Amino acid sequence: MAEQQPVAVLVEDERQIRRFVRTALEAEGWTVHETDTLRQGLIDAATRKPDLIILDLGMPDGDGMEFLHDLRGWSSVPVIVLSARVGEQDKIGALDAGADDYLTKPFGVGELLARVRAASRRRRDMGAGMGSIFEFGDVRVDLSLRTVHKGDVPIHLTPIEYRLLSLLIANSGKVLIHRQILREVWGPSHTDDGHYVRVYMGHLRQKLERDPAQPKHILTETAVGYRLVQTARD
Amino acid sequence: MPISSDQRPNPDLLLGKLQRQEARAKRGKLRIYFGSSAGVGKTYAMLVAARALRAEGRDVVIGIVETHGRYETAALVGRLEILPHKQMSYRGKDFGEFDLDAALLRHPSLILVDELAHSNVQGARHPKRWQDVDELLAAGVDVFTTLNVQHLESLNDVVGGITNVRVWETVPDTAFDDADEVVLVDIPAEELLERLKAGKVYLPQHAERAADNFFRKGNLMALRELALRRTADRIEGDVQAYRADKAIGSVWKTANALLTCVGPDAGAERVVRAAARLASQLNAEWHAVYVETPRLQRLPAARREKILGTLNLAGELGATTAVIADADVATSVIAYARNHNLSKLVIGRDPARRLWPWQRSSGQKMAWLAPDIDLIEIGRTDGVMQNREARNSDRPSSATVAESGDRYKAKRLRYLWAALACAAVTLLSMPLALHFDRSNIVAIFILAVVLVAIRFGRGPAALAAVLSVGSFDFFFVPPQFSFAVSDVQYLLTFCIMLAVGLITGQLTAGLRFQARVAGHREERAGSLYTFARDLSAAVQFDQVVSISDESVERTFRAAAALLLPNAAGELTVASPRGAAALTVDLGIAQWAFDKEQAAGFGTDSLPGSEVLYVPLRAPSRARGVLAVKARNRRLLRIPEQRQLLDTFAALIAIALERVHYVEVAQDAVVRMESERLRNSLLAALSHDLRTPLTVLVGLAESLTLTKPELSPVQLESAQAIQDEARRMSTLVSNLLDMARIESGEVNLNLQWQPLEEVVGSSLGATREMMKGHRVKVQVPGDLPLARIDALLIERVLVNLLENAAKYTPAGSSITLAAEVIDDHMSVSVSDNGPGLPAGREEAVFQKFTRGERESATPGVGLGLSICRAIVESHHGSIVATQRPGGGARFTFTLPLGDPPAPAEEPEIDSG
């Protein structure tokens, strides 16, 4: 992969989960620091200069949410949250508190690695500055000219649709919760009008997806939010 | 009088006024067509007005109108809707009566009810029609009605005096005064007589005899004058009320308030009526009191009943009533007037009977006691005669003797004791007379008389005095053994002995009476105290019920039962003892409960009942009904006893309310606690089950990725472990979801969603499973938004899709379709597989049921029952059917609500 091995901090209390996550990450060329407490996790995050943190929300020594709040005070390192909880509110809470992505237990190694790759790519892109052209599927968005093409056909987007799309592109691969989208696109006074987001996402899909009922790129994370996936999974 | 304190605005009065206005706003409006006699055309005028309103589009219904076969009137009824009469039979005769329940059910905007003074046939809810009208008004229905002047309660005796025809059907003045509008229907006496001659005036058969007397010109003119004057009084009242409304000062005006005393003689009723008239003219509140002196207490039961009847009449005429037990009428009346700030006293003139020149009438005494209070004496026309009659009826009839036989015996015994005491004193004094002076002997006799008076009361004391005088004279005064008296000075001795006996007897009798009254008062206070204390300790409904039953039975010497409403608001007898002791009419009880008004014995509503139903009014609402059947009926008529009963009812109501809220609070605590427990249990289960499954899935997958690569057999095993662990995980999710839904505590996160999005995410979630199948989606793009919990509906779709994939061979096609049918959205998942086993379309939704028993297809069969639970929590339904052309189809519906306006671009950006 890279000349310098990327570093991951894994905060998880279950030894066996740590084991297979570590195996999977090391096979991808990561250096992994494991810890089974949130306290140690914060110390590691500060001292190991990690490129990624994988955090289990259900830690015995405290609330993962507080960990996120603390961490976001001084670091923007990508965080993937592992959650065994039932409620979607926990996921929304974690994403709102600054987590980049989440995985619900049980999860497979494949899923984990896909998320890890997306997170590290986003980090790399942010460091390099985004190009003016963004492509997914057969859609090509020119961010400097503000034009959208599907194949060769120019697509007309309304101002809101375009803002929505550029928000998704800016956070490509990351889960955006409804509240974030409303705040960014419609402004802070509309954070309760969740159906706006759904309706406009529908419009975007109609215009950009090949089969809007089975979207490949603009994906719904049910009851949580949306995610733009640049490369379709299959 | 201390007036200054009255000038201050009283907040309670202001509040009361506001509440009255509020109540009034909700009430229907009453208009009375008022006439001087039958035949003036009241019904006609009422119908004309009703037709005009009907033409304006108001919902007018005729409740009951007597046209008496008169053509003009019948023609006026025309096309107005008529409520069918209620057929009631009484003493073998059928009567067509006004149907109150039907009227309430029909609930028109305006109803016509003729003849306000009509008395209903026994068995109707209210004895009088004006009470029916009152209920209609309370229900918010406007009423038009008719009334003749002679039917007004306070004018009843005046009219009777003028015409010599006494009418028994009366309407209380309050009903007339409270009417919103009074329309006077008036024609000159001559015209009325002409109409009568022409046969245009209907008279009931029994009145025909009296008609000749009644319809004399003089009578008619007098009646007309009365009707006009009464209407004028009312209008003046309206004007005053209007002025008073504008000037806030009159709200706390009590300076004019009247007090009248109810006496034992027959003239009392007259006095009460006069006071009522006066009060209405002065537009003042008034009180009526009855002072029960020892003399009055000794009256036979029938007469005391009559006095209470007069007091009740005063109450009906709008007075505040009270019974005071005191030996002295004048002082107690004045004290009452001072306590209640009443400035005018209305009393009946004392009969001209006077024993001694220095004896003063109670009127004079009152005038002397309170020179600042206005005294109005009402003259009596036939008072003296009636008084004599009343006096005759004072004598205990044989019935009363039988009734109070025991008391009578005890009384005789006391006289016997008095006689024996005299004999004993005589025997004892015989030897003493030899050594002592006769004046000492007299002292012994006087002592005996005093002792008898203290011990046995006034009558025996008088007897003892007479006997003592006799035996002293006979045995000790020379000449002995003869009633002849030689020395004149002994006559004085006799007189003194007699006087001492009588005075002491009188005094002790007064003292005893006071003691008894105080005893009663203390008993009342004591029973109230005990009752309140017992109730305050009760923490369960059963305890409240049994304490109430016992206390009411003990205090009122009555059978009592408590009726409490069930969840549907229907009353049931709560006390097992009460159910046995008295028969409760649930209909009356329910009425009392719904109206929050007392009903049954001694009230306006169904007074024919033997049982009194008192609603238990608590601060928030009525909590039940207390049914009481007193063994001594008179007891419940006494105002003090009724007040005590009402206080008991209020105490019970508050206790019931308290117990109710205790239960509510306990329920809430238990529910919260169990919810907390369940949630933490589910969270723990979820964590503890999913963690090892995560490890299994993860490690098995790691195996497949290890290098060097595994052999194909090992790879297959690793894959199998992974698959099974995932299936196990789905099962756990299903079980946990089921547990949550079953507990009834699913909080739906309802949002307006495009169904397409949910379909998309469910197809995404089942992609792996669907690999071997062809999936068709038929969701139109213009489907309206649905108000759903996206996560749960996604779970439904995922389960249905998985189900279809599981039970159909590879290569089958699965169709997901949605459409709007009427007022709901219909979503279906169909396949062209083998279909459902016939007759098991419903059974598949049961828990742990599968299409085939013991099949190799995995799954526990929770999926479909979860689907049903979720869809039903969305107020939809789900069914399984055979697809035409083979295969199974699962269809669920979701109600279409009122989706928010489609999100138009709320702001236009220059982009």
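The values are calculated or read from the model by the stated rules, or taken from the named source; none is laboratory data. Quantities reported herein were computed from a predicted structural model and do not represent experimental measurements. Every residue, glycine among them, receives a Cβ derived from its backbone with ideal geometry; neighbour counts consider all protein chains shown. The accessibility values were calculated without ligands, DNA or RNA, using every heavy atom of the protein model including side chains. Shrake-Rupley method; radii C 1.70, N 1.55, O 1.52, S 1.80 Å.
For A:10-22, what's the mean count of beta carbons from other chains sitting within 10 Å of each residue's beta carbon?
On the way: counts 0, 0, 1, 1, 5, 1, 7, 6, 1, 4, 11, 3, 1.
Neighbouring Cβ atoms belonging to other protein chains average 3 per residue here.
Just to compare against my own numbers: the Cα pair-distance distribution for the stretch A:58-172, 5 Å bins, whole % per bin, please.
P(r) over the stretch A:58-172, rounded to whole percents: 2, 9, 16, 17, 16, 14, 12, 8, 3, 1, 0, 0.
How long is the protein assembly as shown along each principal axis, judged by its Cα atoms, biggest number first, in Å?
Reported extents, whole Å, longest axis first: 157, 93, 66.
Using only Cα atoms and rounding to the nearest 10 degrees, what angle (0 to 90) does helix B:458-471 make with the longest principal axis of chain B?
With both axes taken from Cα atoms, the answer is about 30 degrees.
What is the mean number of Cβ atoms from other protein chains located within 10 Å of the Cβ atom of each residue in peptide A:104-116, rounded to a whole number?
For this peptide, the per-residue mean of nearby foreign Cβ atoms is 5.
Residue by residue through B:750-762, how many Cβ atoms from other chains fall within 10 Å of the Cβ on average?
6
Please list 3J(HN,Hα) in residue order for the stretch B:807-820, calculated via the Karplus relation 6.51 cos²θ - 1.76 cosθ + 1.60 where θ = phi - 60°; whole Hz, with x for glycine and proline.
Going residue by residue, I get 9, 10, x, 4, x, 5, 9, 10, 10, 10, 10, 9, 7, 9 Hz, with x marking Gly and Pro.
How large, in percent, is the carbon and sulfur part of the accessible surface of the protein assembly as shown at a probe radius of 1.4 Å? Walk me through the intermediate numbers first.
Numbers: 31280 of 57730 Å².
Carbon-and-sulfur percentage of accessible area, whole number: 54.
Using 0.36 nm per residue, how much length does the chain from B:Glu640 to B:Ala665 gain when fully extended, once their Cα-Cα distance is taken away?
My answer for the length gained is 5.3 nm.
Which residues in the stretch B:134-156 place their backbone N less than 14 Å from a point set 7 Å from the Cα of B:Leu80 along the Cα-to-Cβ direction?
B:142-147
Taking R0 as 35 Å, what's the FRET efficiency between B:Glu610 and B:Arg166 from their Cβ-Cβ distance, rounded to 0.05?
FRET efficiency, B:Glu610 to B:Arg166: 0.75.
Compare the peptides A:213-221, B:187-195 by average per-residue count of other Cβ atoms within 10 angstrom and give them in order, highest first.
Highest to lowest by the protection proxy: A:213-221, B:187-195.
List the residues, sorted by chain then number, that are 5 or more residues from B:Leu375 or on another chain and whose placed amide H is less than 5 Å from its amide H.
Those lying under 5 Å, H to H, from B:Leu375 are B:Leu345.
Given H placed on each backbone N at 1.01 Å, which residues far from B:Trp286 in sequence or on other chains put an amide H within less than 5 Å of it?
So B:Trp286 has HN proximity to B:Leu258, B:Thr320.
Taking amide H atoms as placed 1.01 Å from N in the peptide plane, list the residues 5 or more away in sequence, or in a different chain, whose amide H sits under 5 Å from that of B:Lys128.
Amide H neighbours of B:Lys128: B:Asn120.
Calculate the radius of gyration of the Cα atoms of chain A to one decimal place, then report Dmax, the largest Cα-Cα distance, as a whole number, both in Å.
In Å, with Rg to one decimal and Dmax whole: 18.4, 55.
Run lengths n ≥ 4 of DSSP H only: what is the helix-derived mean residue ellipticity at 222 nm for chain B, with -39500 (n - 2.57) per run over all residues, to the nearest 500?
-17000 deg cm²/dmol
Relative to the first principal axis of the alpha-carbon coordinates of chain B, what is the inclination of helix B:129-138, with its axis defined by its Cα atoms, in degrees from 0 to 90 and to the nearest 10?
40
Between B:Ser680 and B:Arg349, what is the label-to-label distance in nm when each label sits 7 Å out along the Cα-to-Cβ direction?
Result: 8.9 nm between the two label points.
With the Cα gyration tensor of chain B giving a ≥ b ≥ c as the square roots of its eigenvalues, does the rule (a/c under 1.5 for rounded; else a/b larger than b/c for prolate; else oblate) give rounded, prolate or oblate?
Prolate.
To the nearest 100 Å², how much accessible surface do chains A and B cover up together, summed over both, with a 1.4 Å probe?
Interface between A and B: roughly 3800 Å².
What accessible area per residue comes out for the stretch B:401-547, rounded to a whole number of Å², with a 1.4 Å probe?
Ligands and nucleic acids excluded, the result is 61 Å² per residue.
What's the percent breakdown of Cα-Cα distances in the stretch B:556-617 across 5 Å bins, shortest bin first?
Once binned at 5 Å, the Cα pair distances of the stretch B:556-617 give 4, 20, 30, 27, 16, 3, 0.
Please work out how much length the chain gains when fully extended from B:Leu282 to B:Asp186, using 0.36 nm per residue of separation minus the C-alpha to C-alpha distance, in nm with one decimal.
So the chain would gain 32.0 nm between B:Leu282 and B:Asp186.
Given Cβ point charges of +1 (Lys, Arg) and -1 (Asp, Glu) and nothing else, what value in debye, to the nearest 20, does the dipole of chain B about its Cα centre take?
4520
So for each of A:37-49, A:148-160 I average, over its residues, the number of other beta carbons within 10 Å; can you give me the resulting order with the highest mean first?
Most protected by this proxy first, the peptides run A:37-49, A:148-160.
With the crude spin-label approximation of a point 7 Å out along Cα→Cβ, what separation in nm comes out for B:Leu105 versus B:Met430?
In this crude spin-label approximation the distance works out to 8.9 nm.
Return the subset of B:Lys86/B:Lys595; B:Lys42/B:Lys344; A:Lys207/B:Lys806; A:Lys174/B:Lys771; B:Lys42/B:Lys217 for which the Cα-Cα distance in this structure is over 29 Å, preserving the input order.
Working: B:Lys86/B:Lys595 22 Å; B:Lys42/B:Lys344 38 Å; A:Lys207/B:Lys806 34 Å; A:Lys174/B:Lys771 27 Å; B:Lys42/B:Lys217 20 Å.
Going by Cα-Cα distance, B:Lys42/B:Lys344; A:Lys207/B:Lys806 fall outside the 29 Å limit.
Once the stretch B:747-817 is represented by equal point scatterers at the alpha-carbon sites, with solvent omitted, what log10 I(q)/I(0) does the Debye formula produce at q = 0.11 Å⁻¹?
-0.28
What does the charge dipole of chain A about its Cα centre add up to, to the nearest 20 debye, if the Cβ of each Lys and Arg holds +1 and the Cβ of each Asp and Glu holds -1? Mind showing how you got there, number by number?
Working: 31 positive and 34 negative charges, 115 e Å.
Dipole magnitude for chain A comes out near 560 debye.
Which residues does the label zone of B:Lys707 cover in the stretch A:1-31, counting backbone N under 20 Å from a point 7 Å along Cα→Cβ?
A:1-8, A:20-31
When only Cα pairs under 8 Å and 6 or more residues apart are kept, what is the percent relative contact order across the stretch A:6-55?
Computed value for the stretch A:6-55: 58 percent relative contact order.
Over the stretch B:96-141, average the accessible area per residue using a 1.4 Å probe and give it in Å², no decimals.
32
Between B:Thr694, B:Leu682, B:Ala668, whose Cα lies farthest towards the positive end of the dipole of the stretch B:666-730 when Lys and Arg beta carbons carry +1 and Asp and Glu beta carbons carry -1, centred on the Cα centre?
B:Ala668
Could you name every residue in the stretch A:128-172 that has 50 Å² or more less accessible surface in the full protein assembly than in its own chain alone (probe 1.4 Å, ligands and nucleic acids excluded)?
A:Pro159, A:Arg163
Only Lys, Arg, Asp and Glu count, each charged at its Cβ (+1, +1, -1, -1), so figure out the dipole size of the protein assembly as shown about its Cα centre, rounded to 20 debye. Provide the component values of the computation, followed by the final result.
Values: 134 positive and 141 negative charges, 964 e Å.
Once rounded to the nearest 20, the dipole reads 4620 debye.
Select from A:Ala97, B:Leu710, B:Pro431 the residue farthest towards the positive end of the dipole of the protein assembly as shown; place +1 on Cβ of Lys and Arg, -1 on Cβ of Asp and Glu, and compute about the Cα centre.
Farthest towards the positive end: B:Pro431.
Name the residue from B:Ala325, B:Gly863, B:Leu18 whose Cα lies farthest towards the positive end of the charge dipole of the protein assembly as shown, charges +1 on Cβ of Lys and Arg and -1 on Cβ of Asp and Glu.
Of the listed residues, the answer is B:Ala325.
Using only Cα atoms, what Kirkwood radius does the stretch B:31-109 have, in angstroms?
About 14.0 Å for the stretch B:31-109.
If you split all Cα-Cα distances of the stretch B:674-772 into 5 Å bins from zero, what percentages do you get per bin, shortest first?
P(r) for the stretch B:674-772, in whole percents per bin: 2, 10, 13, 15, 16, 16, 12, 7, 4, 3, 0.
Averaged per residue, what accessible surface does chain A expose to a 1.4 Å probe, in Å²?
44
Gain in length, B:Ser119 to B:Arg557, computed as 0.36 nm per residue apart minus the alpha-carbon separation, to one decimal in nm? List each step's numbers first, then the result.
Numbers: separation 438, 0.36 × 438 = 157.68 nm, distance 3.27 nm.
Fully extending the segment from B:Ser119 to B:Arg557 adds 154.4 nm.
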